[in-house]
Amino acid sequence: MSLLSLMGRGGLAGACAGALSAVVSLVLAEPVIDRAIALEHANAGEGHGAELFSRDTQHIGMLVSVILAGMAIGLLFGLVYAVLHRRDPGADPWGRALRLAGAGFLGVAFLPFLRYPTNPPGVGSEATQQARTVTWLAAIAIGLATVSAAGLLAGRLAERGAALPLRQSAPVGVVLVGLALLFALPSSGDPISTPADLLWSFRLLSLLASVVLWAGIGVGFGLAGLRAGAVANTAAVRAAA
């Protein structure tokens with residue numbers, strides 16, 4: 001398997017997963033977003049200007065952007081998978097794809113979400129937008145570093161034949177350190193006036209969209225890997241015959 005073929009497989013799996021995630025968001029999250037927008041307009045009063053784009057146009061834009069984002073994540077997924085495959089070419093492609101997708105979700109989505117959960121429209125001022133972007137990117141960097149360090153430590157301990165309790169507890173300790181670093185980051189400080197039920201419905205649905213995206217990438221990439229392995233085995237049997 002060449003690097004380009006693995007990255008192409010990742011890009012295709014990411015685009016399909018992005019489309020599925022966008023559909024989930026349109027079906028489940030859009031009613032919540034509409035409520036948040038209506039509340040924002042009501043709070044702004046008559047001084048609120050008209051929307052630059054219609055909601056239908058925004059839906060199309062969201063669909064396209066999520067598909068492109070999924071494709072970009074899938075390309076990076078294929079690159080990381082290629083590095084792991086080079087180190088251990090005999091590993092099960094299905095299990096490796098699912099484990100890598102789970103690690104990606106944990107580092108990129110879930111750990112940063114614990115510190116900076118997604119907010120609906122109307123939360124956050126323009127004055128703090130740059131600071132919120134910087135801290136969010138820092139949270140993703142810490143999440144990725146935490147997951148990578150935990151995985152490397154678990155692998156090293158397994159290679160040295162460490163006892164099972166140590167192999168399990170040491171990575172957990174790394175994750176706890178990462179969480180401590182995440183919560184050491186500053187908060188946005190923006191007031192949140194959105195009703196609690198709407199706020200947490202939006203946050204949980206946003207997390208669900210991330211779950212669908214990463215699960216779709218892992219499953220799609222893993223199934224493609226199984227198919228490629230079956231085709232290679234069939235070709236080898238025919239060549240031997």
* Structure fact -> Other residues with Cβ under 13 Å from the Cβ of ARG99 give, with Lys and Arg +1 and Asp and Glu -1, a net charge of -1
* Roll a 1.4 Å probe over the protein chains and send me the accessible area per residue for the chain in Å². => 57 Å²
* Solvent exposure, largest accessible area first (probe 1.4 Å, DNA, RNA and ligands not counted), of ARG99, ARG160, ARG115 -> ARG160, ARG99, ARG115
* Rg to Rh ratio, region 121-241, alpha-carbon atoms and Kirkwood radius? -> 1.16
* To do: Mind grabbing the accessible area of ASP56 for me, 1.4 Å probe, Å², rounded to tens?
  => 110 Å²
* **Highest-MSF residue in the chain out of GLY95, GLY178, GLY222 [GNM, Cα springs under 10 Å]** => GLY95
* To do: Express the carbon and sulfur contribution to the solvent-accessible surface of the chain as a percent, rounded to the nearest whole number, probe 1.4 angstrom.
  => 69 percent
* Asked: Which of these, SER54, SER148, SER193, has the largest mean-square fluctuation under a Gaussian network model of the chain (Cα springs below 10 Å)?
  -> SER54
* **Theoretical ellipticity at 222 nm over the chain - DSSP helices of four or more residues, -39500 (n - 2.57) apiece, nearest 500** => -27000 deg cm²/dmol
* Using a 1.4 Å probe and ignoring any ligands, DNA or RNA, find the accessible area of LEU63 and quote it in Å² to the nearest 10. => 60 Å²
* Shape of region 62-120 from its Cα gyration tensor (a ≥ b ≥ c, root eigenvalues): rounded if a/c is under 1.5, otherwise prolate when a/b > b/c, or oblate? -> oblate
* To do: Would you list the membrane-span-like helices of the chain, meaning whole DSSP H runs whose alpha-carbon atoms span at least 20 Å along their axis and whose mean Kyte-Doolittle value is at least 1.0?
  => 3-24, 55-87, 164-184, 196-240
* Just check the chain against the gyration tensor rule for me: Cα atoms, a ≥ b ≥ c as the square roots of the eigenvalues, rounded for a/c under 1.5, and otherwise prolate or oblate depending on whether a/b exceeds b/c. => oblate
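The values are calculated or read from the model by the stated rules, or taken from the named source; none is laboratory data. Quantities reported herein were computed from a predicted structural model and do not represent experimental measurements. Quick reminder, even Gly has a Cβ in these numbers, built from the backbone with ideal geometry, and neighbours come from all protein chains shown. Calculation scope for accessible area: heavy atoms of the full protein, side chains included, ligands and nucleic acids excluded. Shrake-Rupley method; radii C 1.70, N 1.55, O 1.52, S 1.80 Å.
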